[in-house]
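Below: one structure, written as structure tokens.
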Amino acid sequence: MASVCVNDTLTDDELRWVLSRLDSDKDKEVFGHVCKRWLHLQSTDRKKLAARAGPHMLGRLASRFTRIVELDLSQSISRSFYPGVTDSDLAVISEGFKCLRVLNLHNCKGITDTGLASIGRCLSLLQFLDVSYCRKLSDKGLSAVAEGCHDLRALHLAGCRFITDESLKSLSQRCRDLEALGLQGCTNITDSGLADLVKGCRRIQTLDINKCSNVGDAGVSTVAKACASSLKTLKLLDCYKVGNESISSLAQFCKNLETLIIGGCRDISNESIILLADSCKDSLKNLRMDWCLNISDSSLTCILKHCKNLEALDIGCCEEVSDTAFLGLGSDDFLGLKVLKVSNCPKITVTGIGKLLEKCSSLEYLDVRSLPHVTEVRCSEAGLEFPKCCKVNFSGSLTEPDVLL
């Protein structure tokens with residue numbers, strides 16, 4: 001038989017189909033080692049890229065990987081001494097990677113508003129942008145992104161302390177499809193800014209305003225009403241101005257809420273939590289309310305009895321909670337909890353933990369640190385049997401799951 005050359009027989013489209021059928025990234029890399037033609041096809045077909053490179057190398061990457069839609073240039077905390085991507089790098093990226101939908105610049109501390117202006121000017125298809133802890137950024141740069149990136153769906157700005165309500169106003173006017181916004185530690189954000197945001201952005205599913213100390217009940221209530229059908233995750237850690245009015249508004253409007261973080265909101269009490277437990281009983285999966293000092297057994301029992309889909313619960317430092325919260329569960333009350341944190345709740349004893357274990361066979365992580373009546377020895381003496389897959393944190397030596405961060 002005459003020999004047949006694959007490259008003479010198969011078209012580029014047919015070879016790309018072969019490449020698309022390869023499952024692992026390793027196999028796709030090997031595909032490119034066959035010959036220059038296959039390397040070119042493999043390069044132009046690649047969709048994701050993670051790199052650390054200067055402008056010259058980024059330019060070469062852009063010319064080789066022409067269809068990249070996801071670019072990760074983020075810096076880890078361990079490389080905090082290194083500034084990462086700079087404004088000149090962003091100019092090259094914006095000109096070279098025109099198809100970008102996702103751009104991660106987390107912790108790239110060298111970026112300024114000039115770099116963001118390049119993004120807004122050139123990357124009109126961008127849908128996801130993470131500039132968390134790029135501490136030099138201000139409203140000027142964010143306004144440029146909002147002006148040019150109308151399809152933006154997710155924006156993460158944690159640690160950007162110069163961002164103010166003006167950025168939220170720009171997003172409201174130009175990025176109407178925004179679904180996720182991270183503002184952790186942006187202390188210049190106020191209730192007024194949130195009110196402006198939801199005038200235009202009414203599809204928000206995830207809002208992180210942890211440690212936004214100038215946000216209070218008025219802002220949260222406005223968000224709850226405007227984004228009632230879409231809001232699924234709301235993070236309010238250490239927002240000390242947030243109280244019962246916010247929780248009552250969430251209970252009234254947000255029936256699809258899945259994750260609520262209210263740790264450190266010390267004015268929240270049983271009355272509003274009971275309303276929330278009844279309203280979101282079918283949707284709520286993750287609830288963090290550590291340091292909510294007015295929370296006691298009545299609201300906790302209500303949560304455990306009504307929220308059947310609850311998977312993670314943190315009531316650390318809620319000093320009024322006692323065994324009664326668990327002993328109030330009836331014979332038909334079975335919990336689907338996977339993560340439970342009850343550290344620094346001095347009224348909880350081995351009796352309460354034992355009752356909990358009777359009702360919760362799916363537990364994977366239990367935090368009982370700093371409970372004077374609950375120690376590894378006492379649990380053993382009481383004959384408590386923890387689920388096989390459950391990690392019990394008695395002393396703080398275990399890595400905590402990040403589901404409630």
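A short reminder: the numbers here are calculations on the coordinates, not readings from a lab. These figures come from a predicted structure and were not determined experimentally. All Cβ positions, even for glycine, are placed from backbone atoms using ideal geometry, and neighbour counts span all protein chains on display.
Laid out as a table, the results:
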| read-out | value |
| --- | --- |
| Length-normalised contact order for the chain - Cα pairs under 8 Å, 6+ apart - percent | 7 percent |
| Ser192-Glu385 FRET efficiency (beta carbon distance; Förster radius 60 Å; 0.05 resolution) | 0.65 |
| Efficiency of FRET between Ile77 and Asn7 - r from beta-carbon atoms, R0 56 angstrom, step 0.05 | 0.75 |
| Qualifying lysines (Cα of each under 19 Å from Cα of Lys359; at least 8 residues distant if same chain) | Lys281, Lys285, Lys305, Lys308, Lys338, Lys341, Lys388, Lys391 |
| Order of Val18, Val342 - criterion: other Cβ atoms within 10 Å of each residue's Cβ, fewest first | Val18, Val342 |
| Asp25-Leu125 pseudo-label distance in nm [points 7 Å out on the Cα-to-Cβ vector] | 2.1 nm |
| Structure-based [θ]222 nm, the chain - -39500 (n - 2.57) summed over DSSP H runs of at least 4, per residue, nearest 500 | -10500 deg cm²/dmol |
| Within a Gaussian network of the chain (alpha carbon springs, distance under 10 Å), most fluctuating of Asp191, Asp367, Asp13 | Asp13 |
| Relative contact order for the stretch 144-199, counting Cα pairs under 8 Å that sit 6 or more residues apart, in percent | 45 percent |
| Computed E for His33/Ser397 - FRET, C-beta separation, R0 51 angstrom, nearest 0.05 | 0.65 |
| Kirkwood-type radius of the stretch 286-405, with distances r between different C-alpha atoms, in Å | 14.1 Å |
| Fewest-first sequence of Thr351, Thr259 by Cβ atoms within 10 Å of each Cβ | Thr351, Thr259 |
| Candidates Phe31, Phe253, Phe394, ranked by Gaussian network fluctuation over the chain, Cα under 10 Å, top entry | Phe31 |
| Computed over the stretch 159-260: relative contact order in percent, which uses C-alpha pairs under 8 Å that are six or more apart | 25 percent |
| Radius, Kirkwood style, for the chain when every pair of distinct Cα atoms is counted (Å) | 23.8 Å |
